[in-house]
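The values are calculated or read from the model by the stated rules, or taken from the named source; none is laboratory data. Please read these numbers as outputs of a predicted model, since none were measured by experiment. Here the Cβ positions follow ideal geometry from the backbone for every residue, glycine too, while neighbour counts run over all protein chains shown.
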There are 2 protein chains.
Amino acid sequence: MEQILRGTGQRVTRQRQVLLTELRRMVTHPTAKEIYEAVRYHLPQISLGTVYRNLGVLEDLGLLRRLECGGISRYDGDLHRHFHLQCVDCNQVYDIDQSLVQNLNMDLLKSQGFELLDYKLDFYGLCPSCKKTES
Amino acid sequence: MEQILRGTGQRVTRQRQVLLTELRRMVTHPTAKEIYEAVRYHLPQISLGTVYRNLGVLEDLGLLRRLECGGISRYDGDLHRHFHLQCVDCNQVYDIDQSLVQNLNMDLLKSQGFELLDYKLDFYGLCPSCKKTES
DNA sequence: GTATATGCAAACAATTTGCACGCCT
DNA sequence: AGGCGTGCAAATTGTTTGCATATAC
């Protein structure tokens, strides 16, 4: 992270270091406020505005990913390509390994004149525990 | 639409009829406010609150789909299965035919205990016109 | 006639922003 | 030393909600 920040003329601050460290530790796809709470444990003076600003900076640099979950943003520090399943009952977000989806043929799109930069594949359904409760 | 509404004990109002008709006519994946403007042309007294309420109702009934685009919702009246490409430059949303993505193997997920209800595949990149301007 | 839907406006919640001060380089 | 980053609080924006009235059934 430090090299990437410095490479773009931006500064390595304690707030950014702690934020990314905490996000990478969390496996729950936290919201901005949840990240704020986690970071505040180490930096009691940090503000929510700084969290939002730095989430934006780190997202632009590709150091984290933002998920759109029912109108609010959640964040993911795991950069290895994978998908998500959001439970429509408890709203928890689960990781789905990319290998479950085969033959995503990206090249075809480029032939239509689009410059393809990224993609997101999201599933919606019931997680095993909610599925049990439903019945 | 009328049968589906009545089937769930809900009423067929002029607001709902015009809203869905207008949305189906629009090919631009409009926001709630854009839909409000279009509908207001026919129903000058309609309120934005009613538009939001009815977008929710019609979405729950599966009569339209909601897209999450950079923190705000856009709506799609085209129910045939297709994907979207959002231009990261002009933010326009383009339709991508499902046939461009082959072998999306949904069955594998179910074997892990999830009840799979829906999925969304979204691409991000540059549309042909923005791609030209960039270079 | 009765319950649901509407219009209006206020409330809400997530996110952004302006500004004076602080800290990274 | 200089400028980017921060904390704080206020502003903004998309969306939701309470309530009295209107309307579909």
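Below are the figures for this structure:
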item: Subset tally (residues that are more than 10 Å from DNA strand C (Cβ to nearest atom), without any contact (Cβ under 8 Å) to a residue 40 or more places away in the chain and assigned to a loop (DSSP other than H, G, I, E, B)) for the stretch B:41-61; result: 2
item: Subset of the stretch A:28-72 that is on the phi > 0 side of the Ramachandran plot and surrounded by fewer than 17 Cβ atoms within 10 Å (Cβ to Cβ) - its residue that is nearest to DNA strand D (Cβ to nearest atom); result: A:71
item: Residue within the stretch B:86-109 that is within 11 Å of another protein chain (Cβ to nearest Cβ), at pLDDT 85 or above and within 14 Å of DNA strand D (Cβ to nearest atom) present; result: no
item: Residue A:77 surrounded by fewer than 12 Cβ atoms within 10 Å (Cβ to Cβ), closer than 25 Å to residue B:91 by Cα and modelled with pLDDT of 80 or more; result: no
item: Boolean, residue B:18 is surrounded by 14 or more Cβ atoms within 10 Å (Cβ to Cβ) and either under 22 Å from residue A:69 (Cβ atoms) or assigned by TED's automatic domain parsing to the domain that holds residue B:128 (or both); result: no
item: Residues located in the stretch A:1-38, provided they are hydrophobic (A, V, I, L, M, F, W, C) and either farther than 16 Å from residue A:76 by Cβ or within 7 Å of DNA strand C (Cβ to nearest atom) (or both); result: A:4, A:5, A:12, A:18, A:32
item: Output for the stretch A:62-88, where each listed residue is not in a strand (DSSP E or B) and not basic (Lys, Arg); result: A:62, A:63, A:64, A:70, A:71, A:77, A:78, A:79, A:80, A:88
